[in-house]
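Just so it is clear, none of the values below were taken in a lab; they were calculated from the coordinates. Computed from a predicted structure; not experimentally measured. Glycine also receives a Cβ, built like all others from the backbone with ideal geometry; neighbour counts cover every protein chain displayed.
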Amino acid sequence: MSALKTRSVLFGATLAGAAAVLYACGSHTARTTSLAAGDAASKVYVPPGSYDEFYAFLSGGYSGQVAVYGVPSGRLLKLIPVFSQFPEDGYGYNEETKPLFQTTYGFVPWDDSHHPEMSMTDGVPDGRWLFINANNTPRIARIDLTRFETDEIIEIPNAAGGHASPFTTPDSKYVVSATRFSVPVPNNDVAIDTYKKNFKGTLSFISANQPGKMDIAFQILMPGYNYDLGHAGKGPSDGWFFFTSYNTEEANTKLEENASQNDKDFIAAVNYRRAEECLAQGKGRTAPGNYYHNWVEEGSRIAKSERKTSVTMLEPANCPGAVYYLPTPKSPHGVDIDPTGEYIVAGSKLATVIPVHSFTKLQRAIADRAFEKEIDGIPVLKYDAVMAGEVQKPGLGPLHTEFDGRGYAYTSFFISSEVVKWKLGTWEVVDRIPTYYSIGHLMIPGGDSKQPWGKYLIAMNKITKDRYLPTGPEMAQSAQLIDISGDKMKLLLDFPTIGEPHYAQAIPASLIRDKQVKYYKLADNKNPWVTRSESEGGITRTGKRVDVKMIAIRSHFAPDNIEGVQVGDTVVFHVTNIEQDWDILHGFAVLGMNTSELILQPGETRSLTWIPKGTGVFPFYCTDFCSALHQEMQGYVRVSPAGSDVKLMANVSRKAQAQLAGQAGAQR
Amino acid sequence: MKMSSRARLLFACASALVAGALAMPLWRVQLYAPQYPEGLGMTIHAGTVRGATENDLRSINSLNHYIGMKTIEPDAIPELRFIPWIIAALAAGGIGVAALGRRRTAIAWVGAFVVLGLVGIWDFYKWEYSYGHDLDLEHAIIKVPGMTYQPPLIGSKQLLNFTASSWPAIGGACLAAAMVLAIASLMIDRQAPSPVSSRRESRLTEAA
């Protein structure tokens with residue numbers, strides 16, 4: 001009862017605070033249709049046939065995917081399926097991609113994707129890969145940016161809630177994942193109220209710079225706080241990683257209140273080069289840690305899975321100098337490092353200031369042993385010894401900060417729903433612009449790297465309400481494009497987004513555009529079920545399994561009449577699109593199929609399993625309007641009763657006949 | 001009659017251009033359609049037919065099945081087997097002419113070149129005609145009454161959704177240039193004042 005009372009008092013206080021800020025900022029008009037700058041239209045207009053200046057990759061949030069937009073137009077270019085099955089093209093349904101979904105919990109068909117992070121070279125995004133985390137069942141995916149396809153997914157063991165992930169080191173040697181929910185490590189059946197005794201957090205460093213070879217390099221066992229976000233150091237702070245934490249109270253219930261007690265929580269500063277030294281000296285231990293590593297094999301383009309059972313675990317007490325805590329007010333969310341690598345900015349969501357730590361002061365404080373106390377072997381540095389400055393009265397509910405490379409920082413404020421621009425070093429607020437409504441992350445192309453392309457800022461908002469034509473109780477999420485090239489920020493564009501975008505990345509189009517794969521070479525297709533020409537198609541039975549090898553080309557399948565399938569059989573269609581021409585796709589779907597369709601890129605083989613439940617004749621057809629005779633691109637499968645004497649048969653096309661005759665002629 | 005050294009040099013250049021044409025595409029057929037803004041192309045070499053990019057020939061053949069056109073298979077065109085030898089012989093002959101320096105042989109060489117060139121162009125036209133007209137109407141999917149699909153010998157033409165254009169490629173230009181050089185070589189010897197003609201000229205002046 002008393003807890004409830006305290007809570008309502010707190011809630012009231014927050015409301016009053018919010019009201020005060022709203023009042024202080026002047027009255028917010030209900031709608032702001034005319035607030036965009038006068039020349040905004042021309043700044044976001046990309047004429048038909050012209051290209052956008054940037055690719056932007058927005059997380060798909062609870063859709064589990066990634067959405068690719070052109071900036072400044074805000075045009076949706078592509079959805080990249082990552083953590084959720086995608087019946088639209090068969091991802092996660094076809095046999096080639098199903099292994100990507102393998103986890104120690106079994107096949108997980110969905111996740112909540114939060115933070116896209118670009119691979120980097122020398123601290124600058126390089127456009128090779130995009131990493132993104134799964135928050136619910138902690139995993140990290142690697143997306144290849146020559147094909148815009150998910151190529152690899154690694155599970156994070158000894159973790160729950162992979163939120164502080166997958167931030168990248170400046171050389172892409174590691175991506176990281178820290179646990180949002182501390183859990184028993186290894187996980188086991190304990191009473192929840194033994195939290196303080198049994199629950200631990202882990203910081204995972206995952207080797208990332210070799211495609212197909214991602215692995216858990218090591219984990220650091222941490223006190224059982226909630227680790228929220230992270231970013232790597234750069235320049236002078238290269239070799240360090242910074243993670244925010246909250247719930248340093250170690251509450252296991254009613255965190256809303258119980259985890260908001262301490263005036264300061266911590267940023268964990270990890271010297272990972274020091275950790276590497278300790279591991280080289282054998283100071284880590286092999287700990288249980290079950291996880292799956294799934295990757296797409298080159299050539300066959302079939303995903304493989306391997307299960308691993310242990311990790312190298314390092315405890316900070318065994319490696320002095322590897323981990324420090326920086327006291328940071330209050331429940332910090334984002335931790336963002338400025339382009340010079342000197343300033344460590346915290347999004348202290350319940351504080352009235354934006355605290356900024358100095359890396360120079362951090363090093364001095366360590367040398368001077370300016371420690372407040374020690375927690376599980378982790379020295380807690382004195383706040384005054386590491387703090388560079390505080391931005392005073394910036395707004396309410398700071399979350400994330402990005403940088404323009406010209407000495408300014410831009411922080412998002414959820415409660416006061418605005419972006420605030422302030423100056424590094426003087427900590428003075430120089431501009432603010434409202435967002436519609438309740439911004440979460442913000443993103444400047446390269447804005448978390450050594451080299452921001454500081455022309456635009458994208459605000460990703462949590463609440464949409466009246467920004468677009470209403471569409472029932474649920475609206476699309478909303479992003480806003482803001483011009484930051486001048487002294488004053490200018491709102492240019494609203495555009496709807498999928499799922500709930502959390503973080504995003506953007507990069508000049510020139511770094512990706514010309515590297516695109518246009519088709520897969522049939523000659524390089526190493527799928528064991530590839531059918532390279534019409535004459536190679538056919539049907540085989542192995543017990544109750546029937547394999548159909550089929551080609552798709554404008555405007556037919558071959559074979560296109562299949563008989564001899566029986567109820568009780570498992571039929572696997574292996575369809576190869578033998579086109580060798582850019583953007584000439586074919587689809588494949590069978591009446592009553594309980595999985596999905598297939599979409600086949602040129603030169604690609606995909607296999608889809610079908611278990612017919614009854615007798616009859618079942619049409620299949622091409623689902624992607626491929627050509628003028630697309631409507632003719634179809635065929636039939638006949639399903640007979642079990643034990644029927646209908647002969648197993650796949651018809652031979654005229655072209656296949658000609659090819660076979662040619663081959664026979666060549667042999668004579 | 002002996003050729004001047006200038007003329008022989010020009011002839012040697014002409015022979016080199018002919019030899020160079022062996023290694024270069026002679027002709028190029030380019031196809032554009034609304035669906036193919038990047039175009040599909042085909043180059044005709046002395047010894048083969050190639051797609052402008054790796055898969056263009058494959059794509060062109062794939063599209064041609066709709067209208068019942070025969071598959072373009074370089075191996076099935078017998079001329080392509082001996083055309084390289086003819087061109088090589090022509091180049092070698094040209095070098096021989098330059099070495100010998102006999103005007104009469106040079107004229108014979110130019111004559112042979114003209115004849116072979118005309119035969120080549122006629123042969124190319126014949127193949128275009130055959131691909132464009134000898135359609136497998138029994139299996140053609142798109143049949144437009146009266147429509148044939150012969151690409152132009154030179155220039156551009158609309159064939160259904162495709163604009164087909166046909167122009168000499170670099171190798172073809174080399175052959176043309178070789179022809180010009182060889183003829184020029186014959187011309188400069190005719191125009192240059194020989195000792196005989198200048199004597200006759202002076203006599204005429206005296207008479208006047």
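Some values worked out for this structure:
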item: Förster radius 41 Å - calculated FRET efficiency between B:R190 and B:Q158 (Cβ-Cβ, nearest 0.05); result: 0.35
item: Given charges at Cβ of Lys, Arg, Asp, Glu: the stretch B:5-207 dipole, positive-most of B:H45, B:A88, B:Y32; result: B:A88
item: Taking only Cα atoms of the protein assembly as shown, radius of gyration then Dmax in Å; result: 36.2, 141
item: Contour minus Cα-Cα distance for A:F371 and A:D238 (0.36 nm per residue); result: 45.6 nm
item: Inter-label distance, nm, simple model (7 Å from Cα along the C-beta direction), B:D75/B:K2; result: 5.4 nm
item: Computed E for A:A191/B:A23 - FRET, C-beta separation, R0 60 angstrom, nearest 0.05; result: 0.15
item: For the stretch A:314-422, alpha-carbon Rg relative to the globular expectation (2.2 N^0.38 Å, N residues); result: 1.12
item: Cα pair distances exceeding 18 angstrom across the stretch A:265-311, given as percent; result: 60 percent
item: Label point 7 Å beyond Cα of A:T542 along Cβ direction - residues of the stretch A:563-592 with amide nitrogen under 12 Å; result: A:572
item: Distance violations [Cα-Cα > 29 Å] among A:K43/A:K462; A:K234/A:K264; A:K234/A:K423; A:K98/A:K234; A:K308/A:K361; result: A:K98/A:K234; A:K308/A:K361
item: Kyte-Doolittle mean at least 1.0, axial Cα span of 20 Å or more - DSSP H helices of chain B; result: B:5-21, B:79-100, B:170-191
item: Simple spin-label estimate for A:E297 and B:T148 in nanometres, 7 Å along Cα-Cβ; result: 5.4 nm
item: Point-to-point label distance, A:S207-B:W85, nm (Cα→Cβ direction, 7 Å offset); result: 6.0 nm
item: Of the DSSP H helices in chain A, those whose Cα atoms cover at least 18 Å axially and whose Kyte score averages 0.5 or more; result: A:2-24
item: The stretch A:440-493: Cα Rg divided by the 2.2 N^0.38 Å rule of thumb; result: 1.34
item: Extension gain (nm, one decimal) between A:V46 and A:K308, 0.36 nm per residue minus Cα-Cα; result: 89.5 nm
item: Options B:L17, B:G101, B:W127, ranked by Cα towards positive dipole end of the stretch B:5-207, top entry (Cβ charges); result: B:G101
item: 23 Å Cα-Cα threshold exceeded, pairs from A:K173/A:K518; A:K173/A:K197; A:K655/B:K143; result: A:K173/A:K518; A:K173/A:K197
item: Over the stretch B:5-207 - Rg/Rh using Cα atoms and the Kirkwood inverse-distance radius; result: 1.16
item: Sum of side-chain charges, B:A169 neighbourhood, beta-carbon under 15 Å (Lys, Arg +1; Asp, Glu -1); result: +1
item: Charge dipole magnitude, Cβ of K and R +1, D and E -1 - the stretch B:5-207, Cα centre, debye nearest 20; result: 1120 debye
item: Nearest-0.05 FRET efficiency for A:R147 and A:D466, computed from C-beta distance (R0 41 Å); result: 0.60
